[in-house]
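Everything on this sheet refers to the single structure shown next.
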Amino acid sequence: MPSFGLGRALVGDAGYNKDPITAQEIIDAFRDAELVAAAPDETFTGARSFAEAMGEYQRTHDEHALPMYELTTHVEAMS
Ligand SMILES: Cc1cc2nc3c(=O)[nH]c(=O)nc-3n(C[C@H](O)[C@H](O)[C@H](O)COP(=O)(O)OP(=O)(O)OC[C@H]3O[C@@H](n4cnc5c(N)ncnc54)[C@H](O)[C@@H]3O)c2cc1C
């Protein structure tokens, strides 16, 4: 599911939710918030379009989320 749309962005647990067993969730939430906060700045200063800036947020989010989600399910299965 896209993590953003017109006038909205999903960060932290709203972006994806997993068991807190790996204690990575707060780091994820801060990373998401920082990336999302940079996107409007880049848009308003003309550095790149909103879609480009948020598209990079989506890619970065997904690159981090999937491996951590898989690790979490692996740790859960072993516990
Ligand atoms: C038992 C437990 C232990 C955990 N242990 C760890 C840990 O050790 N390390 C770790 O990194 N993470 C841990 N986590 C996970 C971590 O707490 C969350 O992943 C993190 O807080 C997510 O941050 P967030 O900002 O996305 O959401 P939240 O911290 O849930 O913030 C969302 C906020 O939005 C508010 N809100 C909701 N609906 C509305 C609305 N309609 N209007 C206005 N406000 C609204 C809520 O009241 C809340 O304050 C744990 C979670 C649990 C449940």
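The values are calculated or read from the model by the stated rules, or taken from the named source; none is laboratory data. Computed from a predicted structure; not experimentally measured. Cβ coordinates were reconstructed from backbone atoms using ideal geometry, including for glycine residues, and neighbour counts include every protein chain displayed. Surface areas here come from the heavy atoms of the whole protein model, side chains and all, with no ligands, DNA or RNA. Shrake-Rupley method; radii C 1.70, N 1.55, O 1.52, S 1.80 Å.
Structure notes:
- For segment 37-57, the candidate set comprises residues that are touching a helix residue (DSSP H, G or I) at 6+ places or on another chain (Cβ under 6 Å) and either among the polar types (S, T, N, Q) or within 16 Å of the ligand (Cβ to nearest atom) (or both); within that set, the residue that is most open to solvent (accessible area, probe 1.4 Å) is 43.
- Screening 54, 78 for residues that are touching a strand residue (DSSP E or B) at 6+ places or on another chain (Cβ under 7 Å) and aliphatic (A, V, I, L, M) leaves exactly one candidate, 54.
- Filtered residues of segment 1-25 (kept if under 27 Å from residue 50 (Cβ atoms), of a type in the set (A, V, I, L, M, F, W, C) and open to solvent by 60 Å² or more (accessible area, probe 1.4 Å)): 1, 6, 14
- In segment 23-36, residue farthest from residue 77 (Cα to Cα) [restricted to those that are of a type outside the set (Asp, Glu) and within 8 Å of the ligand (Cβ to nearest atom)]: 33
- Some residue of segment 58-66 being hydrophobic (A, V, I, L, M, F, W, C), assigned to a helix (DSSP H, G or I) and open to solvent by less than 40 Å² (accessible area, probe 1.4 Å): yes
- Residue within segment 21-31 that is in a helix (DSSP H, G or I), within 11 Å of the chain's Cα centre (by Cα), among the polar types (S, T, N, Q) and at pLDDT 90 or above present: no
- In segment 28-50, the residues that are free of Cβ contacts under 8 Å to residues at least 60 places away in the same chain form Cβ pairs under 8 Å with partners that are outside any helix (DSSP H, G or I) and among the aromatic types (Phe, Trp, Tyr), at six or more places apart or across chains, as follows: 36/4.
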